[in-house]
Every structure is written in structure tokens, then in C-alpha cells.
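To keep things clear, I will list the structure first and then write my remarks on it.
The values are calculated or read from the model by the stated rules, or taken from the named source; none is laboratory data. Just so you know, these numbers come straight off a predicted model, no measurement behind them. Note that we place each Cβ from the backbone using ideal geometry, even for glycine, and neighbour counts take in every protein chain shown.
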Amino acid sequence: MTDLFVVERAAELRDTLHRYAHAYYTLDAPLVPDAEYDRLFRELQAIEAAHPALRTADSPTQRVGGAPLKELTPVRHVVPMLSIETETDTTEGGAIAFDARVRRKLERADDAPAIEYAAELKFDGLAMNLRYESGVLVQAATRGDGEVGEDVTHNVRTIGGIPLKLMGDAPAVLEVRGEVYMRRDDFEKLNERQRAAGEKTFINPRNTAAGAIRQLDPAITAQRPLSFFAYGLGEVQGWSDMPATHAALEDALATFGLPVCEHRVIAKGAAGLVEFHQRMAGLRDSLPFDIDGIVYKVNSLALQRELGFRNREPNWAVAHKYPAQEEITQLLDIEVQV
Ligand code: NAD
């Protein structure tokens, strides 16, 4: 029998996490730093793992993102937009544990060749689905709750780095997934303008980007400089020579004219992942944009299919975060503004 304290603690965590997630995803105005949210999320996950009867369908651990804003038109994703499992161990042990899980699921012997991974940065922005038909951008949608997002095509058209028409021989339908973010220097300039105009300053690039993209008036979005990196696909039709690996896929997206981040490697086994994670930790502060970790993805798309999905996350990818840098006081000190 589960004792009453655990039942009550699980209910309390669900309520608190729902409140934090609503503020973060729907209002773009977080109440606590990510590290605090992640800590409570992991506590709830641990309780649910020990007491599966407490895992309710509405638990934040079973969901992706937040509810779409009512004012924006809903878009049902043809291919759901999922989350990524977070590796809790921020040391090299995190990369080693992920590689071990992948090898176990693929039933690879200890002496089998190393698995090849695509390792790339985890951009701190918001996920976007860009739908191109015959090479023309026809729709842009946020992730929302993973099944239904928000139509933000009017705002995405203001982002200079996103091609309205793809270059080359584009597939009949190509949904490109990536991250809309704000560069640090653009964020500073924006806040300088706010100060000069006697307006409130913005809290951080991530929430400013999310707030900007979900405006009803594209003229406001246009005043908030946004950028984009492509890192994946949604629905695809009519791509006869579609690449067979994630890394080659990103190369192809770059040839279509989409922005793809240069900081990415094909890593061999856990050692390759550790090397990239450590190298990027050294570069993190000098990057022109915020990242909160590294994403490892099994490079072969055939192996990705074999590994499949569970709940809200693919088995072939993991987010290996860096230790949190922010403090709770940071959020309390600054007035939140969308
Ligand atoms: P996630 O950490 O589960 O990761 C998935 C997301 O990573 C994708 O949707 C995509 O937007 C992004 N991403 C960035 N770079 C990527 C790449 N190279 N490849 C693939 N995806 C990439 O994200 P989530 O489910 O949106 O949210 C969880 C995160 O949000 C947690 O880290 C949590 O701290 C934060 N959060 C904070 C609060 C708060 O109150 N502070 C509330 C809710 C969530």
C-alpha cells in the first residue's frame, strides 16, 4: 500500500508543476528557474516509478509542453512534436548511460562496433514546425501540447533567416523542425531600446523569443529580432533521395537554404559524446546564443525507427544538460514581461 504522505506529495507536485508549466509554456513568463522545475519533475518521476498507480493520465510527466493560446488558430500536427528525455547526470556518466541504454535496446554485444551518434547543441528557444509545399512556406506552427500547436505563420514570415521559398529541388511536402531563438546581442540591443524608451526590460532571450512568436500582431514580432536553427523533420512526401542519417539530413536542409548550426559532429560511441559535451562546455559562454545542453541522436534513421518511442519521448535521443547556471533570485528580481 502507498502511504498517504506519498499520495499527497505526488498530488502537490502535479499541481505545482502544472502551474509552473502553464506560466512557462502558455504565458512565456516562468515562475521559477528551469533547474527548480526539473528538480520537482524528477521527484514526481521517481515517485511514479516507485508507485505506478500514482501515475495519472494528466500528470505533467505524461505530457509535452502546454495548452495552445486560444487566440491563435490551432494546428494539428501530422507527426506529433515530442519532448526529449533529459539525462539527469550532467557529468560524462550521462553520455555513458545513454550509450549503454541504446546498446542494450539494440542488443549489441559489448565488443560490437561503437554506435554512431549525431551530437548537436540544445538551443534554448521554442520548437517550431515549418511546412513547405513544393518548396514554399505555407504554415508555421508551435509545438503546443505536442499534438496541437498554434498557427504562427504571420509571425514566422518576419524572421529573415527563414526562407519563404526553399532552394534547389525541394520535396512535395517538407516539414522542417527547429528552434526559434534570440541571439544574445539582439536581446541586449532590444533591452537597450526598451530602456531608452522607458519601457520594461525583458527577462531572458528564451522567453522573449517565445513571447514574440506568439503575438497576434506581426508588426510587434518584427520589432523583436529572432533567429532559427533547423534540426529535424515532421511530415515528408516525395523526397526520393532522402538521406539515411540525421547528420546528412541536416546537411541537406542547409542546401535547401535553411539555417543549420555549424557546431555539430558525428560522434563514435560514448567517448565521442563525452568529447563533444566537454568541448562545447568550454565554448558555451562565447556562443552568440543560449544553450542548455547537448542533444545526442542515434545517427542512422533506420536504427532510430528500430529504437522507436515511449510515451512523450524517442528512445534514440537524449538531452544531456549542463549544470544549471541560473539562481532563483534572478527570476524574482526581474519583472516578467511578454
Ligand atoms: P525538452 O527539454 O524536453 O527538450 C525538447 C525540446 O528541445 C524540443 O521541443 C526543442 O524545442 C528543443 N531542442 C533544442 N535544440 C534541439 C536539437 N538540437 N534537437 C532537438 N530538439 C532540440 O523541452 P521541453 O519539453 O520543452 O521542456 C522541458 C524544459 O523546459 C526543461 O528543461 C524545463 O527546465 C523547462 N521548463 C521550465 C519551466 C519553468 O517553470 N522554469 C516550466 C516548464 C518547462
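Of all residues in region 165-188, how many are exposed (fewer than 13 other Cβ atoms within 10 Å of the Cβ) and either touching a strand residue (DSSP E or B) at 6+ places or on another chain (Cβ under 8 Å) or more than 25 Å from Phe289 (Cα to Cα) (or both)?
Count: 5.
Hey, can you tell me all the residues within region 51-60 that are within 16 Å of the ligand (Cβ to nearest atom) and at pLDDT below 90?
Passing the criteria: only Asp58.
Go through Thr90, Thr86 for me and flag whichever is in contact with a Pro (Cβ under 7 Å, 6 or more places away or on another chain), within 16 Å of the ligand (Cβ to nearest atom) and assigned by TED's automatic domain parsing to the domain that holds Val236.
It is Thr90.
Could you go through region 269-291 and let me know if any residue there is among the charged types (D, E, K, R), touching a residue at least 12 places away in the same chain (Cβ under 8 Å) and in contact with a Lys or Arg (Cβ under 8 Å, 6 or more places away or on another chain).
Looking for residues that are among the charged types (D, E, K, R), touching a residue at least 12 places away in the same chain (Cβ under 8 Å) and in contact with a Lys or Arg (Cβ under 8 Å, 6 or more places away or on another chain), one finds at least one in region 269-291, hence yes.
Check Leu40 against each of (1) under 29 Å from Leu273 (Cβ atoms); (2) touching a helix residue (DSSP H, G or I) at 6+ places or on another chain (Cβ under 8 Å); (3) away from the ligand (no atom under 16 Å from the Cβ) and name the one condition it does not meet.
Failed condition: (3).
For region 69-85, state whether one or more residues are surrounded by 17 or more Cβ atoms within 10 Å (Cβ to Cβ) and of a type in the set (D, E, K, R).
yes
For His77, are the conditions met, namely being more than 14 Å from the ligand (Cβ to nearest atom) and at pLDDT 90 or above?
No, not satisfied.
Kindly indicate whether any position in region 144-152 is in a strand (DSSP E or B), under 14 Å from Glu179 (Cα atoms) and assigned by TED's automatic domain parsing to the domain that holds Thr221.
No.
Here's the yes/no breakdown for (1) modelled with pLDDT under 95; (2) among the charged types (D, E, K, R); (3) farther than 29 Å from Asp285 by Cβ:
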position	(1), (2), (3)
Glu175	no, yes, yes
Arg184	no, yes, no
Phe187	no, no, no
Ala196	no, no, no
Gln215	yes, no, yes
Ile220	yes, no, yes
Gln223	yes, no, no
Phe229	no, no, no
His246	no, no, no
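Scan region 9-33 for residues that are within 25 Å of Gln215 (Cα to Cα) and either away from the ligand (no atom under 11 Å from the Cβ) or in contact with a strand residue (DSSP E or B) (Cβ under 7 Å, 6 or more places away or on another chain) (or both) and jot them down.
Answer for region 9-33, where residues must be within 25 Å of Gln215 (Cα to Cα) and either away from the ligand (no atom under 11 Å from the Cβ) or in contact with a strand residue (DSSP E or B) (Cβ under 7 Å, 6 or more places away or on another chain) (or both): there is none.
Between Thr16, Thr90, Thr56, which is of a type in the set (Ser, Thr, Tyr), part of a loop (DSSP other than H, G, I, E, B) and farther than 17 Å from Ala319 by Cβ?
Just a single option satisfies the conditions, and that option is Thr56.
Residue under question is Arg279, and the condition is that it be among the basic types (Lys, Arg) and more than 14 Å from the ligand (Cβ to nearest atom); does it hold?
Yes, satisfied.
Among the residues of region 57-86, write down those that are of a type in the set (Lys, Arg) and touching a residue at least 40 places away in the same chain (Cβ under 8 Å).
Listed by number, the residues that qualify are Arg63, Arg76.
Got at least one residue in region 245-262 being in contact with a helix residue (DSSP H, G or I) (Cβ under 8 Å, 6 or more places away or on another chain) and surrounded by fewer than 16 Cβ atoms within 10 Å (Cβ to Cβ)?
Looking for residues that are in contact with a helix residue (DSSP H, G or I) (Cβ under 8 Å, 6 or more places away or on another chain) and surrounded by fewer than 16 Cβ atoms within 10 Å (Cβ to Cβ), one finds none in region 245-262, hence no.
How about region 198-232: which of its residues are over 13 Å from Ile159 (Cα atoms), surrounded by fewer than 20 Cβ atoms within 10 Å (Cβ to Cβ) and of a type in the set (A, V, I, L, M, F, W, C)?
Within region 198-232, Leu216 is the sole residue that qualifies.
Between a residue in region 16-40 that is at positive phi and any residue that is in a helix (DSSP H, G or I) and surrounded by 17 or more Cβ atoms within 10 Å (Cβ to Cβ), which pairs come within a Cβ distance under 6 Å, given they are 6 or more apart or on different chains?
Every condition considered, the pairs that remain are Asp28/Asn207; Asp28/Ala210; Asp28/Gly211.
Based on what the data block shows, is Gly125 surrounded by 22 or more Cβ atoms within 10 Å (Cβ to Cβ) and modelled with pLDDT under 95?
It is false that Gly125 is surrounded by 22 or more Cβ atoms within 10 Å (Cβ to Cβ) and modelled with pLDDT under 95.
So how many residues does region 289-317 have that are within 15 Å of the ligand (Cβ to nearest atom), of a type outside the set (A, V, I, L, M, F, W, C) and farther than 19 Å from Asp89 by Cα?
Residues meeting the conditions: 6.
For region 100-113, does any single residue satisfy the condition of being assigned by TED's automatic domain parsing to the domain that holds Ser300, more than 9 Å from the ligand (Cβ to nearest atom), surrounded by 18 or more Cβ atoms within 10 Å (Cβ to Cβ) and part of a helix (DSSP H, G or I)?
For region 100-113, residues assigned by TED's automatic domain parsing to the domain that holds Ser300, more than 9 Å from the ligand (Cβ to nearest atom), surrounded by 18 or more Cβ atoms within 10 Å (Cβ to Cβ) and part of a helix (DSSP H, G or I): present.
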